[in-house]
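Chemist: One structure coming up, written as structure tokens, with questions to follow.
The values are calculated or read from the model by the stated rules, or taken from the named source; none is laboratory data. Please read these numbers as outputs of a predicted model, since none were measured by experiment. Please note: Cβ atoms are built from the backbone with ideal geometry, for glycine as well, and neighbour counts cover all protein chains shown. Just so you know, the surface numbers come from the protein's heavy atoms only, side chains and all, with ligands and any DNA or RNA stripped out. Shrake-Rupley method; radii C 1.70, N 1.55, O 1.52, S 1.80 Å.
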Amino acid sequence: MKIMATHNIKGGVGKTSAAVSLAYLAACDGYRTLLWDLDPQGAASFCFRIKPKVRGGVKSLKRDPFSLEQAVKATDFEGLDLIPADFSLRNFDRIFTRTKNPTRHLARLLTPLRQEYDLLFIDCAPSISLMAENIFHAADALLVPLIPSTFSVRTYHQMLDYFHKNPPKKLQLLPFFSMYDKRRQLQRDLVASMSDEVREMLNTSIPYAKNVELMGVERAPVNQFAPTSRSAVAYRNLWREVKVRALDDYTL
Amino acid sequence: MIYAVSDKLSRKRLKELLSDGMDVRVEVTDDTKRYYLDTFDWRLLRSGMVLEVEVRGGLCLLTWRELGSGELLLSRTVRTLPKSADDFSNVGQQPRLKQVLGRRRLLAHASLRGSTHRFLLLNDDEKTLMRVELRRDKVISSDSSAYTQMQDGVYFFPYRGYDKIFSHRLRRIAKGAKLSPPTEDPLISALAALDITPGEYSGRPTFSLDPARPSIDALAEILGRLLQIIRCNVKGAREDSDPEYLHDFLVAVRRVRCLMSRFESVFPEERVKLLQRDFSWVEQEATRIRDLDIYISRFEDFRAGVDEEYREALNSLYSFLQGEKQKKLWQMRVALESSRYLRLIESMDHLLQGCKDADTLPPTASIAIDRAACNGIWNSYRVLVETARGLPATPRSERIYELHQISKHLGYQMDLFRSLFPSKRMERQIRAHDRLQRRLNRFRDIDLQYRRLQSYITRMTKAQAVREISMEAVKQLIADRKREQRKARSRAVIQIEHFTRKKMRKRFKSMFKQPPKGGAV
Ligand SMILES: Nc1ncnc2c1ncn2[C@@H]1O[C@H](COP(=O)(O)OP(=O)(O)O)[C@@H](O)[C@H]1O
Ligand SMILES: [Mg+2]
């Protein structure tokens with residue numbers, strides 16, 4: 001099982017939209033896909049019409065890693081399952097801080113699911129926290145949506161600094177531009193300069209588009225309800241690029 | 001989970017039962033196309049599984065379920081129909097499927113057309129919690145000229161994480177609509193409608209023979225079964241829908257030839273001679289393609305044998321082999337459709353019919369089969385020992401080919417007559433022989449590849465302009481085959497020595513030289 005996580009220290013940059021879309025496209029491609037909604041706010045679960053889970057909560061995971069398996073729900077789409085968000089996740093850091101190897105918990109929890117799925121997408125809550133460190137440890141690739149602004153350039157560099165100090169074992173960084181408004185000169189300039197400067201930057205950027213916002217209204221992936229829209233095409237291209245870059249069984 | 005509908009279950013009633021106060025969405029497809037996939041020898045079916053594909057809007061919905069119970073093993077959308085287990089790599093390495101299918105191809109055995117009503121049970125978020133399908137299908141004959149209406153079926157699809165509501169609604173509907181499990185799986189009904197009887201087939205039939213039976217009788221039974229295998233595979237072999245058809249066809253032909261030559265004296269002499277000549281011709285035609293099939297199916301291993309930068313360049317060899325196969329296939333098709341072939345099968349039938357008529361048979365025909373089998377096996381083994389005597393460390397290929405041939409005959413007899421001997425001891429001898437045969441087969445395959453490559457390379461350059469790098473790649477491959485050939489040769493020699501050593505000779509002697517007690521005439 002390959003693990004990919006959407007991550008950014010900031011909120012509202014398109015992490016959830018990307019996780020939902022890519023997980024859906026992966027399943028359409030025949031990969032057995034699981035999406036884990038790790039943001040207590042549960043936006044990804046909402047998009048798939050799945051209620052957040054409350055019983056037991058994150059504490060039970062500490063006792064019995066197999067309870068994660070029982071939390072899995074099928075979405076309405078063939079080949080795509082989801083672990084719903086849980087409000088108790090907000091206590092993750094507090095519960096796991098004082099354990100041995102506090103950054104390895106997530107990886108261990110996933111063991112029973114490894115044979116069942118080809119791909120796991122994790123939709124992260126914004127922040128750098130113990131939970132995020134756990135994800136950096138478990139994941140193979142980190143999808144980082146960046147809004148073309150000077151601030152997000154700085155955020156990205158901060159993230160790189162963090163990884164320089166705490167080098168992860170295998171993590172591949174896959175930043176891409178999100179909510180890109182081509183009409184704005186400033187954004188155009190920034191995208192051009194960043195693409196040169198950051199070598200790992202993906203070529204596809206996700207445009208600022210109404211249809212992405214509509215995912216929260218339609219409660220379905222944009223590629224399902226508006227498959228020919230600009231944003232759906234963009235997510236499809238993004239997925240194609242991610243496949244080539246992060247899945248070694250895939251060649252063009 | 002599958003249920004048959006006995007009384008006419010109205011869609012309205014089904015919707016009511018499923019709903020029980022919740023929302024139900026109905027989707028209707030008026031022309032669903034479904035196929036049942038399996039290997040030519042029904043490997044899935046025989047392991048109790050069904051692979052069904054529904055073509056819907058350019059996508060294929062794949063359902064892998066258990067036979068009878070309809071228990072879902074996998075359900076996935078894919079873009080193209082899978083051709084073999086390899087095509088499932090994206091769908092997660094399904095080791096179970098791979099184990100069952102091996103390298104065999106998946107073929108569409110039955111096609112269905114019909115209408116499907118899909119009922120989705122929704123919660124207040126309009127999330128689907130389960131799905132029920134009412135299917136009304138027709139089975140279409142392979143030439144699309146006729147169809148048979150199938151019994152209506154209700155299919156239940158659970159969604160992970162919503163088990164409770166699933167079992168509740170399942171019970172409710174089963175009771176309310178008086179559903180009963182179908183008496184047989186829809187796949188079986190579909191095949192019955194098409195007059196296909198699966199599962200009977202085995203490329204390696206086993207026989208339990210009465211030791212006292214007159215040998216002509218027992219041999220006629222065995223030959224009859226082999227002829228059946230030849231008949232059932234000839235079409236698939238001609239069409240090349242799966243290389244395994246040809247394989248089974250060829251093995252059966254070889255076994256027939258082996259029995260007729262080993263037990264020549266049991267049959268009317270003149271007729272057997274003619275049959276032998278024609279079977280030998282069929283074998284030749286088929287062997288050429290089988291060798292190419294082995295080549296093509298293991299091509300990736302060959303690639304691994306050359307340096308990385310040359311692997312790509314082997315593509316021209318690959319297409320050359322494919323082209324070669326098409327040519328030979330065409331030749332074989334002509335042969336297997338010829339009146340000579342049809343006459344051969346007919347005369348074989350005749351011969352077997354005649355075996356019941358004691359007057360026309362030579363006196364040797366009435367010797368008990370266990371005695372005849374002992375003689376046959378013992379003689380073959382003796383010839384093998386003779387031929388292997390004084391084998392040098394690196395014998396010439398021809399010598400190993402000869403041993404290969406004798407050993408094959410020995411193996412066929414041991415396998416076909418195994419029921420006549422104490423099973424434990426027999427198994428041991430068969431295992432020992434298998435080891436030898438594998439080594440000999442490997443040597444033969446590699447040696448042939450090595451020799452043929454030399455001629456291919458000349459013919460390739462004659463037929464088309466071949467890039468320098470491709471030539472180099474093929475040369476590397478030849479060198480690699482040469483190395484492998486050397487290895488295979490010495491391994492074969494070791495195994496031959498092992499199989500003809502004193503202890504082994506003693507065992508063969510004690511088992512086969514003296515006719516076993518009882519049964520002897
Ligand atoms: N490309 C886009 N164009 C327009 N709106 C977007 C786009 N991407 C995200 N949004 C909207 O922005 C908000 C935050 O997006 P979301 O994907 O939830 O980000 P995050 O998970 O990083 O918080 C949501 O309302 C979403 O609909
Ligand atoms: Mg989010």
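Chemist: Across peptide A:174-183, what mean number of C-beta atoms from other chains lies inside 10 Å of a residue's C-beta? Intermediate values should be presented prior to the final figure.
Modeler: Numbers: counts 0, 0, 0, 0, 0, 0, 0, 0, 0, 0.
The mean count of partner-chain Cβ atoms within 10 Å per residue comes to 0.
Chemist: Averaged across the residues of B:161-167, what count of C-beta atoms belonging to other chains lies within 10 Å of each residue's C-beta? Before the final figure, lay out the partial values.
Modeler: On the way: counts 12, 2, 0, 0, 0, 0, 0.
Counting other chains' Cβ atoms within 10 Å and averaging over B:161-167 gives 2.
Chemist: Quick check: at a probe of 1.4 Å, how many percent of the accessible area of the protein assembly as shown sits on carbon and sulfur atoms? Don't jump to the answer; show the numbers that get you there.
Modeler: On the way: 18280 of 36930 Å².
Roughly 50 percent, rounded to a whole number.
Chemist: While we're here: Would you mind telling me the antiparallel percentage of the DSSP bridges in chain A, rounded to 5? Before the final figure, lay out each step's value.
Modeler: Numbers: 2 of 26 bridges.
Given both bridge residues lie in chain A, the antiparallel proportion sits at roughly 10 percent.
Chemist: Also, quick follow-up: Given the pairs A:Lys100/B:Lys164; A:Lys15/A:Lys51; B:Lys462/B:Lys487; B:Lys33/B:Lys178; B:Lys235/B:Lys482, which span a C-alpha to C-alpha distance of over 30 angstrom in this model?
Modeler: On the way: A:Lys100/B:Lys164 37 Å; A:Lys15/A:Lys51 20 Å; B:Lys462/B:Lys487 32 Å; B:Lys33/B:Lys178 28 Å; B:Lys235/B:Lys482 37 Å.
Beyond 30 Å: A:Lys100/B:Lys164; B:Lys462/B:Lys487; B:Lys235/B:Lys482.
Chemist: Now for a separate question. Relative to the longest principal axis of the C-alpha atoms of chain B, give the angle of the C-alpha long axis of helix B:269-297, reported between 0 and 90° and rounded to the nearest 10°.
Modeler: 60
Chemist: Here is a follow-up. Show that you can apply the helix-only estimate: for chain A, add -39,500 (n - 2.57) for every DSSP H stretch of four or more residues, divide by all residues, and state [θ] at 222 nm to the nearest 500.
Modeler: Working: 12 runs with 108 residues, N = 252.
Computed mean residue ellipticity for chain A: -12000 deg cm²/dmol.
Chemist: Okay, next question. If I fit a long axis through the Cα atoms of helix B:243-262 and take the longest principal axis of the Cα atoms of chain B, what angle between them do I get, 0 to 90°, rounded to 10?
Modeler: Once rounded, one gets 30 degrees.
Chemist: For the protein assembly as shown, give the share of DSSP beta bridges that are antiparallel, in percent and rounded to the nearest 5; count only bridges with both residues there.
Modeler: On the way: 62 of 86 bridges.
Around 70 percent of the beta bridges assigned by DSSP in the protein assembly as shown are antiparallel ones.
Chemist: Would you mind working out the accessible area per residue for the range B:350-439, using a 1.4 Å probe, and quoting it in Å²?
Modeler: Details: 4460 Å² over 90 residues.
Heavy-atom SASA per residue in the range B:350-439 reads 50 Å².
Chemist: Just to confirm the number: angle between the C-alpha axis of helix B:339-354 and the first principal axis of chain B, 0 to 90 degrees, nearest 10?
Modeler: Relative to chain B, helix B:339-354 is tipped by roughly 80 degrees.
Chemist: Of B:Met426, A:Met131, which has the most accessible area with a 1.4 Å probe, and how do the rest follow in descending order? Mind showing how you got there, number by number?
Modeler: Working: B:Met426 0, A:Met131 20 Å².
If we order B:Met426, A:Met131 from most to least accessible, we get A:Met131, B:Met426.
Chemist: So what is the calculated 222 nm ellipticity per residue for chain B, using -39500 (n - 2.57) for each DSSP H run with n of 4 or more, over all residues, to the nearest 500 deg cm²/dmol? Can you show the working numbers first?
Modeler: Working: 17 runs with 285 residues, N = 521.
After summing the helix terms and dividing by the residues of chain B, the value is -18500 deg cm²/dmol.
Chemist: Between beta-carbons, use under 14 Å as the cut-off and find the net charge around B:Ser338, counting Lys and Arg +1, Asp and Glu -1. Kindly include the intermediate steps, with their values, before the conclusion.
Modeler: Details: positive: B:Arg238, B:Arg333, B:Arg340, B:Arg343; negative: B:Asp278, B:Glu285, B:Glu337, B:Glu346.
Result for the neighbourhood of B:Ser338: 0.
Chemist: If a/c stays under 1.5 just call it rounded; otherwise compare a/b with b/c (prolate if a/b is bigger, oblate if not). Do that for the range A:9-246, with a ≥ b ≥ c from the square roots of the Cα gyration tensor eigenvalues. Kindly include the intermediate steps, with their values, before the conclusion.
Modeler: Working: a/c = 1.82, a/b = 1.27, b/c = 1.43.
Since a/c reaches 1.5 but b/c is at least a/b, the shape of the range A:9-246 is classed as oblate.
Chemist: Count, for each residue of A:25-34, the Cβ atoms from other chains sitting within 10 Å of its Cβ, then give me the mean as a whole number. All intermediate terms of the calculation are to be shown ahead of the outcome.
Modeler: Working: counts 0, 1, 2, 4, 5, 14, 4, 6, 1, 0.
Per residue, the average neighbour count from other chains is 4.
Chemist: Using only the Cα atoms of the range B:202-512, build the gyration tensor, take square roots of its eigenvalues as a ≥ b ≥ c, and label the shape rounded, prolate or oblate: rounded if a/c is under 1.5, else prolate if a/b is larger than b/c, else oblate. All intermediate terms of the calculation are to be shown ahead of the outcome.
Modeler: Numbers: a/c = 2.62, a/b = 1.46, b/c = 1.80.
It is oblate, given that a/c is not under 1.5 and a/b is not larger than b/c.
Chemist: So, with +1 on the Cβ of K and R and -1 on the Cβ of D and E, and no other charges, what is the size of the charge dipole of the range B:2-193 about its Cα centre, to the nearest 20 debye? Could you put the intermediate results ahead of the total?
Modeler: Working: 34 positive and 25 negative charges, 30 e Å.
Dipole about the Cα centre, nearest 20: 140 debye.
Chemist: Suppose a student asked you for the relative contact order of chain B, using Cα pairs under 8 Å spaced at least 6 residues apart; what percent would you report?
Modeler: On the way: 701 pairs, mean separation 70.3, N = 521.
With pairs under 8 Å counted, the relative contact order is 13 percent.
Chemist: So what does B:Thr148 come to for accessible area, using a 1.4 Å probe and Å² rounded to 10?
Modeler: 60
Chemist: For the peptides A:43-53, A:190-200, B:230-240, what is the packing order when you average, over each peptide's residues, the other Cβ atoms within 10 Å and list the highest mean first?
Modeler: Numbers: A:43-53: 21.9, A:190-200: 13.2, B:230-240: 18.5.
For the peptides A:43-53, A:190-200, B:230-240, the packing ranking is A:43-53, B:230-240, A:190-200.
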